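Some notes on the structure that comes next.
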Amino acid sequence: MKRMKRVMMVFLALVWGLLFLAVAHFLMRHGPLGPLGSPQALLGLATLALLGFLLCIGVAACATLCNALWPHSVDRCDAALREFPLRCWLVGILIVLLQILIVAPNPVLLAVALPIDLFLLARGFPALAARIGEGLGESVRPRAVARGMVLFTVAAGVPVLGWLLGLGLLLQALGAAVVPPSRVTAG
């Protein structure tokens with residue numbers, strides 16, 4: 001199992017590297033970066049790499065902060081994800097569909113609904129990242145959240161397949177913040 005995880009990490013690193021090189025090549029040939037070897041090209045590549053790195057670190061830091069601020073809420077979302085993963089995903093789809101049909105035409109309601117969505121995602125994403133991090137073998141909760149969020153951010157950056165994966169996990173995290181976990185009573 002650990003070998004499979006390493007293979008997946010190497011595969012994602014290779015995909016990201018190839019994607020980075022393809023974008024850099026395109027920008028050098030057709031974009032503002034200029035010919036290969038020019039100072040503008042090297043500066044553009046360095047900026048692109050730095051922005052990607054900062055995005056990964058920033059998202060992981062936000063998820064870790066949300067986990068530290070609302071640990072009980074994140075634990076509740078984690079329990080809902082463990083018990084009802086399909087229900088969380090379906091509720092997330094329902095929330096997004098209702099917002100598209102009802103909220104999107106009215107800008108005032110949209111201004112109210114977006115912060116609510118961000119709050120729900122701030123509770124659901126750390127739980128999802130913790131699940132991903134625990135799947136990578138990390139047992140300490142804050143480190144699991146950070147590792148899971150970095151892996152999610154890297155995977156969601158892969159064109160088409162990563163975007164679809166990211167959208168599905170986003171819907172599941174949104175639904176996990178709403179779906180209550182079952183209560184086990186001692187009998």
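The values are calculated or read from the model by the stated rules, or taken from the named source; none is laboratory data. Bear in mind the structure is a predicted one, so any value in this text is a computation, not a measurement. Neighbour counts run over all protein chains shown; Cβ positions are idealised from the backbone, glycine included. Surface accessibility is based on the protein's heavy atoms, side chains included, excluding ligands, DNA and RNA. Shrake-Rupley method; radii C 1.70, N 1.55, O 1.52, S 1.80 Å.
Summary table below
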{"item": "Filter result (within 18 Å of residue 53 (Cβ to Cβ) and in contact (Cβ under 8 Å) with a residue 60 or more places away in the chain) within segment 153-166", "result": "153, 154, 155, 157, 158"}
{"item": "Single condition residue 128 does not satisfy, out of (1) modelled with pLDDT under 90; (2) open to solvent by less than 30 Å² (accessible area, probe 1.4 Å)", "result": "(1)"}
{"item": "Single residue of 158, 178, 145, 150 found to be more than 17 Å from residue 56 (Cβ to Cβ) and either over 15 Å from the mean Cα position of the chain (by Cα) or surrounded by 16 or more Cβ atoms within 10 Å (Cβ to Cβ) (or both)", "result": "178"}
